[in-house]
Amino acid sequence: MKKRLILCAVALFSVIAAGAVRAEAQNVFEQTVSFDRIVYDFGDILLSDGPLDCSFTMKNISDRPVVIHRVVTSCGCTEPTWTEAPIRPGETGEIKVVFTNDQGPYPFSKSVTVYVSGLSKPIILKVKGVAHDKQKSLSELFPVASGPLGFREASVSMGQIEQGLARSMEVEMANTSGKAVEVRFTDMTPGLKVSMSGTVVPARSKVRINCVIDTRYTDGEKWGKIPFTFSAVVDGRKYTEVLTVEALIKENFTSLTESQKRAGALPQFGTSSLELGVVDEGSVLSGEFSVKNVGKDTFRIYKADASEGGVSVELPSPVPFGESGTVRVKVDTRGQRGEVLNILTLITNSPTRPIINLFIIYTVK
């Protein structure tokens, strides 16, 4: 019995530790700092609310002090202040942002660019919400309905995530019905975890659900733009794929030194755009992009995503140093009209060019 209790305790500790690791891994940047959130959503606000403020907490997870050098916002309607003193290992700093809320009734999404010592690139945070000039009903604010549950939109974006890391964001969900409902989440795409505080959502109220995409649970097989979905069970009734959470997953080069990055694969494309002219609707077009690897490591393309439908892509085999390969594309123009700009996004193993955009341009008459 004693041995069994010990084994149970060890198993329980392992589960708790795994959960702690999972939480700690969220919103980590270059194994130096982590953030409690990367997006702050004010949700629905009224112009009469006046200025609103929010904060982001940054923790130093490295073994040396870090400094927030500066914080730059994309709009004068957001005013930042931040911890200016050095932040020691294990300690936290704070970035506060005031949204002036004087721009009129409209959805807003403002970037907050944070420059931190020891990081190779700045961190982009977001402040978003929807300003209204008058109160609206929950059904108007959350028009994407799954039974009594409502969402603002059918799909939300988590942005870019590097392999081996995780990102989290909060999403508002509403119970638009006149009675309280019990909610749980299921059928989550591997790598996605959805949770909320408690299980009951009161009548005609909003709650925030936490969505975490952790690439450690996708077996390293997902690349590029990936949709993650989940279902909700409301009072015992299941509603499938109530929301899509998208992320763009790319290679992780944080463990490489600068010299290793410079010695990595380096693609050199003959052209970045393919102009296919004026064509009849229903035509099937074809073209190709040639690429030469001028880096020292073998060049690989993990995935190609097209911004518009009807595109199929044939990727080249890994391209050794000094050799060339071809990205071949076919475009089916059925159902398309007018001038089309199709952006082909390549996810690669090049440390200096992990994401490459190529352009396919044509006009359907």
**Long-range neighbours under 7 Å by Cβ, at least six apart or interchain, first residue within 11 Å of Val291 (Cα to Cα) and modelled with pLDDT of 95 or more within the range 317-330, second open to solvent by 70 Å² or more (accessible area, probe 1.4 Å) and of a type in the set (Gly, Ala, Ser)** = Gly325/Ser317
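Can you name the strands (runs of 3 or more DSSP E) wholly within the range 1-100 that have at least 2 residues being modelled with pLDDT of 95 or more and closer than 24 Å to Ile161 by Cα? Even if it seems obvious, please write down each step before you answer.
Values: elements: 33-35, 39-46, 52-60, 68-73, 78-82, 92-99.
It comes to 33-35, 52-60, 68-73, 92-99.
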**Considering residues of the range 279-304 that are hydroxyl-bearing (Ser, Thr, Tyr) and over 13 Å from Arg328 (Cα atoms) only, the residue most open to solvent (accessible area, probe 1.4 Å)** = Tyr302
**Message:** Against the conditions (1) farther than 28 Å from Arg216 by Cβ; (2) free of Cβ contacts under 8 Å to residues at least 60 places away in the same chain, where does Met58 fall short? Just the number, please.
**Reply:** (1)
**Request:** Just give me the residues in the range 78-117 being within 20 Å of Phe29 (Cα to Cα) and either in contact (Cβ under 8 Å) with a residue 60 or more places away in the chain or among the hydroxyl-bearing types (Ser, Thr, Tyr) (or both), in sequence order.
**Result:** Thr83, Thr92, Ser111, Thr113, Tyr115, Val116, Ser117
**Message:** Being touching a residue at least 40 places away in the same chain (Cβ under 8 Å) and open to solvent by 60 Å² or more (accessible area, probe 1.4 Å) is true for just one of Glu241, Glu221. Which residue is that?
**Reply:** Glu241
**Request:** Spot the failing condition for Thr92; the list is (1) hydroxyl-bearing (Ser, Thr, Tyr); (2) open to solvent by 50 Å² or more (accessible area, probe 1.4 Å); (3) over 28 Å from Ile61 (Cβ atoms), and only one is missed.
**Result:** (3)
**Request:** Please state which of the following conditions Trp82 fails to meet, knowing it meets all the rest: (1) in contact with a Ser or Thr (Cβ under 6 Å, 6 or more places away or on another chain); (2) open to solvent by 60 Å² or more (accessible area, probe 1.4 Å).
**Result:** (1)
**Message:** Just to be sure I understand, how many residues within the range 285-322 are out of contact with any Pro (no Cβ under 9 Å at 6 or more places or on another chain), part of a strand (DSSP E or B) and either acidic (Asp, Glu) or more than 19 Å from Ile361 (Cβ to Cβ) (or both)?
**Reply:** 5
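Could you check the range 101-156 and list, in sequence order, the residues that are more than 30 Å from Thr254 (Cβ to Cβ) and assigned to a strand (DSSP E or B)? Explain how you work it out, then say what you get.
So in the range 101-156, the residues more than 30 Å from Thr254 (Cβ to Cβ) come out as 101-108, 129-154.
Once the filter is applied, which keeps residues that are more than 30 Å from Thr254 (Cβ to Cβ) and assigned to a strand (DSSP E or B), the range 101-156 yields Pro107, Phe108, Gly129, Val130, Ala131, His132, Val144, Ala145, Ser146, Leu149, Gly150, Phe151.
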**Asked** Hey, any hits in the range 129-137 for a residue that's open to solvent by less than 10 Å² (accessible area, probe 1.4 Å) and within 30 Å of Lys96 (Cβ to Cβ)?
**Response** yes
**Request:** Go through the range 344-365 and give me each residue that's within 30 Å of Gln260 (Cβ to Cβ), hydrophobic (A, V, I, L, M, F, W, C) and surrounded by fewer than 20 Cβ atoms within 10 Å (Cβ to Cβ).
**Result:** Ile355, Ile356
**Item:** Number of positions in the range 178-213 that are within 14 Å of Arg237 (Cα to Cα) and open to solvent by less than 20 Å² (accessible area, probe 1.4 Å)
**Value:** 2
**Message:** Tell me yes or no: at least one residue of the range 209-217 is under 19 Å from Leu344 (Cα atoms) and at pLDDT 95 or above.
**Reply:** no
**Prompt:** Just one of Phe253, Phe269 is over 30 Å from Ser168 (Cβ atoms) and either open to solvent by less than 40 Å² (accessible area, probe 1.4 Å) or touching a residue at least 40 places away in the same chain (Cβ under 8 Å) (or both); which is it?
**Reply:** Phe269
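The values are calculated or read from the model by the stated rules, or taken from the named source; none is laboratory data. This one's a predicted model, so the numbers in the text were calculated from it and none came from an experiment. Every residue, glycine among them, receives a Cβ derived from its backbone with ideal geometry; neighbour counts consider all protein chains shown. Heads up: the accessible areas ignore ligands, DNA and RNA and are worked out on the full protein's heavy atoms, side chains in. Shrake-Rupley method; radii C 1.70, N 1.55, O 1.52, S 1.80 Å.
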